[in-house]
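Below: the structure, in structure tokens.
The values are calculated or read from the model by the stated rules, or taken from the named source; none is laboratory data. Since the structure is predicted, the reported quantities are computational estimates derived from the model, not experimental observations. Quick reminder, even Gly has a Cβ in these numbers, built from the backbone with ideal geometry, and neighbours come from all protein chains shown. We work out accessible area using only protein heavy atoms, side chains counted, and drop any ligands, DNA or RNA first. Shrake-Rupley method; radii C 1.70, N 1.55, O 1.52, S 1.80 Å.
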Amino acid sequence: MQILASLISVSALFQALFAGGLLVVACVAASYARAQLAEQRAIASRDRVYALVDRCSDLRFVRMMDNAIKFFALGAWDGKARWNDTKSLTLRLEVVTLLNFCEEVAGEYLDGLLDKSVADRNVAYIAVTVWRDSEWFVQWIRDTSGEQLAWKELENLASLFSRRDAVTK
């Protein structure tokens, strides 16, 4: 009887060791999976920045951006007159498309979907520069349409960069 009891306790000991070993293996596997997922997220966020950079590098996009920035450079007085007098929808589409692209960049940047170390040097910089040039236009559109959230993410990104610039100076 005593031998049977000691065999049962040895068997229980082996079961406990086996369960503990499985627990260790599961913890190591979970840690490895977590690290792998973090690396995949980092790669995806860099790839997303490069996809946005590719869009900015497209010759049609460059021409559109050039026309929109020239419009913003007119300033509030001449810009409003040009906006209202334009016969072609092309300028209006270029301006709104550029602002919407910058809003997309800003939203993804603020949501953490873009690799900030890569985005800061190109697409985020472009978005903030466009905001600074277009601020008068956005405010005018907000005032005339009553839509106060128009291009709000872009404004938030520019504000973030302004605060960051103030700290580094």
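For the chain, the normalised intensity computed at q = 0.18 Å⁻¹ comes to -1.13 (log10 of I(q)/I(0), Debye sum over alpha carbons, equal scatterers, no solvent).
For n ≥ 4 DSSP H runs only, could you compute -39500 (n - 2.57) per run for the chain, divide by its residues and tell me the 222 nm figure to the nearest 500? Working shown, then result.
Details: 7 runs with 148 residues, N = 169.
For the chain, the value works out to -30500 deg cm²/dmol.
Axis of helix 2-57 versus longest Cα principal axis of the chain: the two differ by about 10°, to the nearest ten degrees.
Run the numbers for Val53 and Arg132: contour at 0.36 nm per residue of separation, minus the present Cα-Cα distance, in nm. Provide the component values of the computation, followed by the final result.
On the way: separation 79, 0.36 × 79 = 28.44 nm, distance 1.97 nm.
Computed gain between Val53 and Arg132 is 26.5 nm.
Largest GNM mean-square fluctuation among Asp85, Asp54, Asp120, using the chain with Cα springs under 10 Å: Asp85.
Taken per residue, the accessible surface of segment 95-169 reaches 50 Å², heavy atoms only and a 1.4 Å probe. Put a plus charge on the Cβ of each Lys and Arg, a minus charge on the Cβ of each Asp and Glu, and nothing anywhere else: the dipole of segment 14-167 about its Cα centre is then about 120 debye. How far is helix 59-73 tilted, in degrees, relative to the longest principal axis of the Cα atoms in the chain, given as a value from 0 to 90 rounded to the nearest 10? Approximately 60 degrees, to the nearest ten.
Share of carbon and sulfur in the accessible area of the chain stands at 62%, probe radius 1.4 Å.
Lys and Arg at +1, Asp and Glu at -1: add these up for the other residues within a Cβ distance under 12 Å of Arg142 and post the number.
Working: positive: Lys152; negative: Glu135, Asp143, Glu147, Glu155.
With Lys, Arg at +1 and Asp, Glu at -1, the net is -3.
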